[in-house]
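Following: one structure in structure tokens, then a few remarks.
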Amino acid sequence: MRLVFLGPPGAGKGTQAKAVAARYAVPHVSSGDIFRAEIGRASPLGRQIKSYVDSGRLVPDELTTEAVTSRLREKDCAGGWVLDGFPRTEGQARALDEALGASKAKLDAVVYLSLDGEVIVERMSGRRVCPKCGRTYHWVHMPPRSDNRCDACGSALVQRDDDAPETVRKRLATYERQTAPLVDYYEGRGLLVRVGGEGTPDEVGGRLFEQLKMVEEA
């Protein structure tokens, strides 16, 4: 299976993409992981990416596409992959199409996890993280045993800047402007699989795998 995952931040893309990759025994390919690996190796591409990241600028489409498509050409991706975090723009989507066409491969489906914006704000703004050991919590879904203290090391929990409600709303606005048009792009090509992101990860996963079963049988 060759799958792309789309959806707003906080909809659960990463969780579901990893579960699907495990089910089909293919790599979970995350653009963020690729960036970190390239930067860690200090490769020429990694150095270019780092210069953008360090200055707070967006990594250009051509660099992002080069990093991702290079990863998809590696041997472990020959039997399929689950792509998470790419493409983010229509330009990246078209570049991915060209790269797949050049290698005579094709997408099987594009999974779109949808979730109401205010539910996402509640979900993400309720998250807390331990600054010492990195363990994460949620006030509603996974609260710590003691008030605002990490169960593992006792450190005071903090809210990341990215999880503040006003920041989440800005991220959602950016998503709607840049990435949401991809829903129309892939739907027009008959590749889009819509899955509601409401409920527990197991509930969402159940709906998702039912949809993917139909993709396999088509």
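Brief remarks on what is shown
- Principal-axis tilt of helix 61-72 within the chain, Cα atoms, nearest 10 degrees: 80 degrees
- Between residue 75 and residue 37, the modelled labels are 1.4 nm apart [label points 7 Å from Cα along Cα→Cβ].
- Label point distance in nm, residue 166-residue 152, each placed 7 Å from Cα along Cα→Cβ: 3.1 nm
- Overall shape of segment 108-218 was characterised from the C-alpha gyration tensor. The equivalent ellipsoid obtained from it has semi-axes of 33, 18, 10 Å, in decreasing order.
- Rounded FRET efficiency, nearest 0.05, which uses the C-beta distance separating residue 61 from residue 116 and R0 of 22 Å: 0.15
- Radius 12 Å from Cβ of residue 207, net charge of other residues (Lys, Arg +1; Asp, Glu -1): -2
- Student exercise, segment 2-217 dipole from Lys, Arg, Asp, Glu Cβ charges, in Debye to nearest 20: 660 debye
- Candidates 60, 134, 21 compared by Cα position along the dipole of the chain: farthest toward the positive end lies 134, with charges placed on Cβ.
- For segment 169-218, the residue among 193, 181, 205 whose Cα projects farthest onto the positive side of the dipole built from Cβ charges is 181.
- GNM flexibility winner over the chain from 206, 12, 117 (Cα, springs under 10 Å): 206
- Each helix, a run of at least 4 DSSP H residues, gives -39500 (n - 2.57); summed and divided by the residues of the chain, these come to -15000 deg cm²/dmol at 222 nm.
- With a cut-off of 15 Å between beta carbons, the residues surrounding residue 44 carry a summed charge of 0, where Lys and Arg count +1 and Asp and Glu -1.
- Angle in degrees between helix 165-178 and the longest Cα principal axis of the chain, rounded to the nearest 10: 10 degrees
- About the centre of its Cα atoms, segment 1-62 shows a dipole size close to 200 debye [charges on the beta carbon of Lys, Arg (+1) and Asp, Glu (-1) only; nearest 20 debye].
- Counting only DSSP beta bridges whose two residues both lie in segment 2-217, roughly 30 percent are antiparallel.
- Hydrodynamic radius of segment 132-187 by the Kirkwood approach over all distinct alpha-carbon pairs: 13.8 Å.
- A cut-off under 9 angstrom between Cβ atoms defines the neighbours of residue 163, and their net charge, with Lys, Arg +1 and Asp, Glu -1, is +1.
No value in this document is a laboratory result; all are computed from the given coordinates. What you are looking at is a predicted structure, and each value in this text was computed from that prediction instead of being measured. Cβ atoms come from the backbone with ideal geometry, glycine included; neighbour counts cover every protein chain shown.
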